[in-house]
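The values are calculated or read from the model by the stated rules, or taken from the named source; none is laboratory data. It should be emphasised that the depicted structure is a prediction, and the values quoted were computed from it without experimental measurement. Glycine gets a Cβ as well: all are built from the backbone with ideal geometry, and neighbour counts include every protein chain shown.
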Amino acid sequence: MADATLTISSKNYSSWSLRGWLLCKMSGIGFAAEHVDPDDAANRQELLLLSPSVRVPRLMIGDVAVWDTLAIAEYLNESFPDAGLYPADVAARALCRSVSGEMHSGFHNLRSALPMNLKSQHQRFKIFSGARPDIERVKEIWHQCLNASGGPFLFGATPTVADAMYAPVCTRFKTYSVELDEALDAYVATILDWSLMKEWTEGALAEPEEIIELEVEF
């Protein structure tokens, strides 16, 4: 396969970049990560949730360009079917696609109220009422998947597309000290202890730049 390049933005702030990067790593594809300049206007729009079309991350393989995180997931699943990006069971695979799609298209209040910021930790954070239904829906999804699969990942012993899609939510719940029951707290711990998440977080903590608009004061 031709050389692959994944264009990403800030490791500290960009949840979509994290998702795309995790998917590429999980697929086993060899790729180079290319960072977009944090001062790039389009990149700042994406990070500030102002862009109607998120074009980062973008995967380039030869003449093939794939942007949009779920499109990247489907492309990688077709190209590397043995990577196990989706569960083998038909019903589980349908559920995995459904909850991944729900994260992809929804939870707008959660995104705006709890922006991803791996460098921050808030022990007391007042979550505005509009975001609470999103948080409860995430908890419901996690319980449904974990109860069916037995964990420790959403669909069993190994991570799938769904875990990549919800990994940034795990970081948000940690950053803003969202209260979870024992089962969900264990799932968040599993994701944060995942070797790929540790690698990404190490890179995020090493980033020198800060985007002032995303540094919320409390």
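For this structure, a couple of remarks:
- Of the criteria (1) at pLDDT 95 or above; (2) surrounded by 18 or more Cβ atoms within 10 Å (Cβ to Cβ); (3) hydroxyl-bearing (Ser, Thr, Tyr), which one residue 13 fails: (1)
- A single entry from 118, 110 fulfils the requirement of being in a helix (DSSP H, G or I), farther than 21 Å from residue 27 by Cβ and in contact (Cβ under 8 Å) with a residue 60 or more places away in the chain: 110.
- For segment 173-187, the set of residues classified as touching a residue at least 24 places away in the same chain (Cβ under 8 Å) and either farther than 22 Å from residue 109 by Cβ or of a type in the set (Gly, Ala, Ser) (or both) consists of 177, 183, 186, listed by residue number.
- Pairs meeting the criteria (first residue in segment 196-209 and farther than 20 Å from residue 28 by Cα and touching a residue at least 40 places away in the same chain (Cβ under 8 Å), second residue of a type outside the set (Asp, Glu) and surrounded by fewer than 18 Cβ atoms within 10 Å (Cβ to Cβ), beta carbons under 9 Å, at least 6 apart or on different chains) are 204/119; 205/119; 207/119.
Matching residues to (1) assigned to a helix (DSSP H, G or I); (2) crowded, with 19+ Cβ neighbours inside 10 Å:
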{"residue": "162", "(1), (2)": "yes, yes"}
{"residue": "165", "(1), (2)": "yes, yes"}
{"residue": "169", "(1), (2)": "yes, yes"}
{"residue": "178", "(1), (2)": "no, yes"}
{"residue": "186", "(1), (2)": "yes, no"}
{"residue": "200", "(1), (2)": "yes, yes"}
{"residue": "205", "(1), (2)": "yes, no"}
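- Residue check, residue 94 at pLDDT 95 or above and in the same structural domain as residue 157 (by TED's automatic domain parsing): yes
- No other residue among 135, 127 is part of a loop (DSSP other than H, G, I, E, B) and assigned by TED's automatic domain parsing to the domain that holds residue 150 apart from 127.
- Set 190, 158: member being in a loop (DSSP other than H, G, I, E, B) and in contact (Cβ under 8 Å) with a residue 12 or more places away in the chain: 158
- Failed condition for residue 58, given (1) among the basic types (Lys, Arg); (2) farther than 24 Å from residue 140 by Cβ; (3) at pLDDT 95 or above: (3)
- Qualifying residue in segment 197-210 (condition: farther than 19 Å from residue 21 by Cα, among the hydrophobic types (A, V, I, L, M, F, W, C) and not assigned by TED's automatic domain parsing to the domain that holds residue 69): no
- For segment 98-113, the count of residues that are farther than 20 Å from residue 192 by Cα and more than 18 Å from the chain's Cα centre (by Cα) is zero.
- Some residue of segment 160-179 being within 28 Å of residue 81 (Cα to Cα) and among the aromatic types (Phe, Trp, Tyr): yes
- Of all residues in segment 121-143, those satisfying the criterion of being touching a residue at least 24 places away in the same chain (Cβ under 8 Å) and under 23 Å from residue 70 (Cα atoms) are 134, 135, 137, 138, 139, 141, 142, 143.
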